[in-house]
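Let me begin by presenting the structure, written as structure tokens, before commenting on it.
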Amino acid sequence: MTLSVEEQITNSINKDTYRIYIHPKDLEVETNFSNQDLLSWLTKQTENFTIYKNIPQEASRLSFSNEKTSIYSVEQGAAYINVWNKDDQIVRNGKNYFYFNGREYEVAGYIDNYTNIIANLKTFLAESPDGAITGEYYLDAGEKSESIIHGLLTTIQKKECYY
């Protein structure tokens, strides 16, 4: 399992957003750190932070934020959709819904960038709890970003040592 804190992202969200690569295949060793483990770690955090994963082929972001004012704090079953998708909404019982990648989302609001949809990361993790965590994530916890990332790394290493 490789987890590396790369250089701070520039010209992006802000100076405290870090790109995290989690790739269990780097050392040609299977990982024991699963989607359920990341989900459990997320729910135990007390610091305010935002973590999201870009899904480039689908132009979507799966995100979790415990800062309630953030667009990345999306309730399960809801999503922010791009304004260009407004015409594709379905109105039912006075609420707007949007279908994306075979899932129905209640529209929480609109975004105006190159992302089609921002949906809940927890839902994605819960759908395949036994799947190995992998991919490129972004984390922002302000000045506490590095300590939270190191906490995640410690959690991963502890899980890996038990097997």
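Tally time: how many residues in the stretch 55-82 are modelled with pLDDT of 95 or more and hydrophobic (A, V, I, L, M, F, W, C)?
Residues in the stretch 55-82 being modelled with pLDDT of 95 or more and hydrophobic (A, V, I, L, M, F, W, C): 3 in total.
Residue 130 fails exactly one of the following numbered conditions: (1) in contact (Cβ under 8 Å) with a residue 24 or more places away in the chain; (2) assigned to a strand (DSSP E or B). What is the number of that condition?
It fails just one condition, (2).
Give the residues of the stretch 109-132 that are over 15 Å from the mean Cα position of the chain (by Cα) and charged (D, E, K, R), sorted by residue number.
112, 130
Does residue 154 qualify as being within 29 Å of residue 15 (Cα to Cα), part of a helix (DSSP H, G or I), open to solvent by less than 60 Å² (accessible area, probe 1.4 Å) and of a type in the set (S, T, N, Q)?
Values: within 29 Å of residue 15 (Cα to Cα): yes; part of a helix (DSSP H, G or I): yes; open to solvent by less than 60 Å² (accessible area, probe 1.4 Å): no; of a type in the set (S, T, N, Q): yes.
Considered against the rule, which asks whether it is within 29 Å of residue 15 (Cα to Cα), part of a helix (DSSP H, G or I), open to solvent by less than 60 Å² (accessible area, probe 1.4 Å) and of a type in the set (S, T, N, Q), residue 154 comes out as no.
Looking only at the stretch 35-54, count every residue that is within 19 Å of residue 127 (Cα to Cα) and open to solvent by less than 20 Å² (accessible area, probe 1.4 Å) and tell me the total.
Number of matching residues: 6.
Inside the stretch 76-103, can you point out the residues that are hydroxyl-bearing (Ser, Thr, Tyr) and without any contact (Cβ under 8 Å) to a residue 12 or more places away in the chain?
Across the stretch 76-103, the qualifying residues are 97, 99.
Restricting to the stretch 110-163, name every residue that is modelled with pLDDT of 85 or more, of a type in the set (A, V, I, L, M, F, W, C), in contact with a Phe, Trp or Tyr (Cβ under 7 Å, 6 or more places away or on another chain) and within 24 Å of residue 77 (Cβ to Cβ).
Residues satisfying the conditions are 111, 117, 118, 119, 121, 139.
Counting residues that are surrounded by fewer than 14 Cβ atoms within 10 Å (Cβ to Cβ), which strands (runs of 3 or more DSSP E) fully inside the stretch 59-111 reach at least 2?
Because the criterion is at least 2 residues that are surrounded by fewer than 14 Cβ atoms within 10 Å (Cβ to Cβ), the strands (runs of 3 or more DSSP E) in the stretch 59-111 that meet it are 90-92, 95-100, 103-111.
Residue check, residue 142 against (1) more than 19 Å from residue 34 (Cβ to Cβ); (2) without any contact (Cβ under 8 Å) to a residue 60 or more places away in the chain, all met but one. Which one?
Of (1) more than 19 Å from residue 34 (Cβ to Cβ); (2) without any contact (Cβ under 8 Å) to a residue 60 or more places away in the chain, only one is false for residue 142: (2).
The values are calculated or read from the model by the stated rules, or taken from the named source; none is laboratory data. Note that this is a predicted model, so its numbers are computed, not measured. Glycine gets a Cβ as well: all are built from the backbone with ideal geometry, and neighbour counts include every protein chain shown. With ligands, DNA and RNA removed, areas are computed over all heavy atoms of the protein, side chains included. Shrake-Rupley method; radii C 1.70, N 1.55, O 1.52, S 1.80 Å.
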